[in-house]
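Structure first, then comments.
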Amino acid sequence: MPQDTTEARIERLVLEYAQTVPAGRPLDARLSLRDDLAIESLSLVSLTLRIGDEMGVDVMEVGVELGAVKTVGDLVRVARTLEGLGKPA
Amino acid sequence: VAHPTDIRAAVGRKQAITFGAPARPLFGFYHPPKDGPWRGVGVVLCNPLGTDQTRSERTYRHLAERLSATGFACLRFDLFGTGDSGGDEHAPGLVRAWVDDLGLASQELRARSGARAIALVGLRLGGTLAYVHAAERADVDSLVLWSPCVTGAAFVAESTRLHKLYVRMEPQLAAAKPPADDGEEALGTFLPRAMIADLSRLDLLQAAGRPARRTLVIDGGNFPGRDALVTRLRELDAAPELRSHPGHKFLITVSHRAVVPDDVIASIVEWLGQAYPKETPAHEPSANHGSAPTPPHGERPVVFGASHPLFGILTPAAAAHARPGRPVVILSNAGCVNRAGPHRTYVKMARRWAALGFDVLRVDLSGIGDSPVAPGTQENVPYPPSALDDLSDAIQAAGTLAGSASSPRRVIIAGLCSGGDYAFQLGARAPNLAGALLLNPRTFCVLDLAAVESADGGAPPTTPVQDVPRALRSMAERGVETLLVVSRNDPGVAYVDVHAADAMRALAGTPGFRRVDVESADHTFTPVSQQQLVSDLLTEHLVARHGG
């Protein structure tokens, strides 16, 4: 079975946490996590930890900038960074 | 005002009770089985901890109501040091005490209902504690483990990591001071080092005894250790059944947006019902109503309300410091969080103020916490249509609870978020008001919530923003001592600051009005140091303005 793309993994996780679920797929990268998907700040924290767990990286241990995460696209960028960190050398 | 409290509503009957050892009073609600033949079984619900507790409170109430309606007796209660029970997180040996609390709750439920068997239900850490208790006692017949933490260490790691990441993602919190005591923060709850050590010794896979004759394990999604736990239960001959109910978001959702996981509740009720047929003769209330220790701080659950029952808890002023005529403080819900307040701040402040000589009434508005929903309306709404009437009833009840009908006491109304909005509304209009304490009001019941929460703060306001500073001034001028406490950039006041800047600035120096901006805080004052700071601020204000 082919592996999920980063975008697909993030979409799956985002939908676990979204209170408002838009109809279109894939999710538009510009969707606001708070305003469009109604993911409040504590949920976003939980979601970010889950992403780290899926990528095999402890988000607390890495220096990823998390303060500016506002959109689905921002999360995909964070995930890509974590993915790079999680790969064995 | 009714006391003791018996609340009857369309969903059934319940009674607020205090039980446990004299020095360790526990608060809870007893839900008797619905009239008619019943199942002869009592179900004790074991709370989780911290934000899990806050966010599952409504789900637990629904579960208790459903169990009662299908012929079970049920007890839901707050563990010692949490919710409305006595004590706080600094009490020594809390984890051991929590496990023992379940024994006291089972004993209380047997005494009240005459139940011949006990079942335990626990969510997250509540499941962990329920398992440990059941394995030690070997007298629990059925055990429901709902996404339990397989180890206490896992709970500590997850909740403290969430807190640390939250602080990193909310830059304004970065400067919050660490707690004065040795321990860790977990999103508004303080975990002392000794408690962490005790929690870290809990490991369900190492528990030796069979916890129950039959067990139900509910996987709510993202459940580390699930398969190992089920395997272990099978080894122990505990007849585990695994059911998956993924997709529920109530534990990660702010209370007023959360959806009760009805299918999980139905699954638990159905699984318990399978084992216990409804064949016990009609339930006769036991003459032994269990133990009745002195409630924490002499608190009294009260039911009041002119048109429908409303629930609250009165913390009476310490006799040594009480003074006749001193106003009663009323705390109104923050959003849909029950009367304990976010991070249990209302409980702590009420007890602190009572020790200084203030009577304090913490109330649940209609359809929030344990106040039944008003006829024809929906539950779990932060701005219920009857809110102002509810609070008028609370003012009347508070005025006569510790005073007399002919000489009602004056009132100070206080609250966070929507509670602050109602303090503003009542401060502007209610008679007999001595003061108003507004913590991070969201809309003042004047502004458009969507506009306030929109990032586009520059858009022209669609509501009369100028009414806010005008009413604040008017409150002060008519003798309502007003304290506005605001986390820096909190959306409600920030919106007014932008759109009515001159009028807000002009409030400075108005006699009877004071505004304090709190740095390094979020909307609910999650950092423990900021909770303490706010409590200190309000306490100093109360003593200075109303302590005479």
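The values are calculated or read from the model by the stated rules, or taken from the named source; none is laboratory data. The model shown is predicted, which means the values in this text are computed figures rather than measured ones. Glycine also receives a Cβ, built like all others from the backbone with ideal geometry; neighbour counts cover every protein chain displayed.
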Answer yes if at least one residue in the stretch B:122-129 is buried (at least 21 other Cβ atoms within 10 Å of the Cβ), touching a residue at least 12 places away in the same chain (Cβ under 8 Å), within 14 Å of chain A (Cβ to nearest Cβ) and at positive phi, and no otherwise.
-> yes
Restricting the stretch A:42-68 to residues that are within 7 Å of chain B (Cβ to nearest Cβ) and either touching a strand residue (DSSP E or B) at 6+ places or on another chain (Cβ under 6 Å) or assigned to a loop (DSSP other than H, G, I, E, B) (or both), the residue that is surrounded by the most Cβ atoms within 10 Å (Cβ to Cβ) = A:Val59
Kindly establish whether B:Gly341 is modelled with pLDDT of 95 or more and either within 23 Å of B:Gly86 (Cβ to Cβ) or out of contact with any Leu (no Cβ under 9 Å at 6 or more places or on another chain) (or both).
-> yes
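Just the residues that are on the phi > 0 side of the Ramachandran plot and within 14 Å of chain A (Cβ to nearest Cβ), please, taken from the stretch B:235-248. Break it down stepwise before answering.
Let us first name the residues in the stretch B:235-248 that are on the phi > 0 side of the Ramachandran plot, namely B:237, B:239, B:247.
B:Gly247, the sole residue that qualifies.
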Just wondering, is there one or more residues in the stretch A:6-27 that are more than 11 Å from the chain's Cα centre (by Cα), free of Cβ contacts under 8 Å to residues at least 24 places away in the same chain, at the interface with chain B (Cβ under 9 Å from one of its Cβ atoms) and assigned to a helix (DSSP H, G or I)?
-> no
Quick one: which of B:Leu251, B:Leu187, B:Leu199 is closer than 25 Å to B:Val121 by Cβ, touching a helix residue (DSSP H, G or I) at 6+ places or on another chain (Cβ under 8 Å) and away from every other protein chain (no Cβ under 14 Å)?
-> B:Leu199
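Of all residues being among the basic types (Lys, Arg) and either over 9 Å from the mean Cα position of the chain (by Cα) or under 20 Å from B:Leu162 (Cβ atoms) (or both) in the stretch A:32-89, which is modelled with the lowest pLDDT? Just the residue, please. Outline the logic, then answer.
Here is the first cut: in the stretch A:32-89, the residues among the basic types (Lys, Arg) are A:34, A:50, A:70, A:77, A:80, A:87.
Pick out the ones that are also either over 9 Å from the mean Cα position of the chain (by Cα) or under 20 Å from B:Leu162 (Cβ atoms) (or both) and you get A:34, A:50, A:70, A:80, A:87.
Numbers: A:Arg34: 87, A:Arg50: 89, A:Lys70: 90, A:Arg80: 90, A:Lys87: 62.
By that ranking, first place goes to A:Lys87.
Does B:Leu242 satisfy being buried (at least 19 other Cβ atoms within 10 Å of the Cβ) and out of contact with any Cys (no Cβ under 9 Å at 6 or more places or on another chain)? Before the answer, list the steps.
Values: buried (at least 19 other Cβ atoms within 10 Å of the Cβ): no; out of contact with any Cys (no Cβ under 9 Å at 6 or more places or on another chain): yes.
It is false that B:Leu242 is buried (at least 19 other Cβ atoms within 10 Å of the Cβ) and out of contact with any Cys (no Cβ under 9 Å at 6 or more places or on another chain).
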Test set (1) part of a helix (DSSP H, G or I); (2) away from chain A (no Cβ under 14 Å); (3) of a type outside the set (A, V, I, L, M) - B:His256 fails condition number = (2)
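Would you confirm whether any residue within the stretch B:380-402 is acidic (Asp, Glu), more than 28 Å from B:Phe250 (Cα to Cα) and touching a Gly at 6+ places or on another chain (Cβ under 7 Å)? Show your work before the answer.
Of the stretch B:380-402, the ones acidic (Asp, Glu) are B:389-390, B:393.
This time we only want the ones that are more than 28 Å from B:Phe250 (Cα to Cα), so: B:389, B:393.
From the residues that got through so far, the ones that are touching a Gly at 6+ places or on another chain (Cβ under 7 Å) too are B:393.
Yes.
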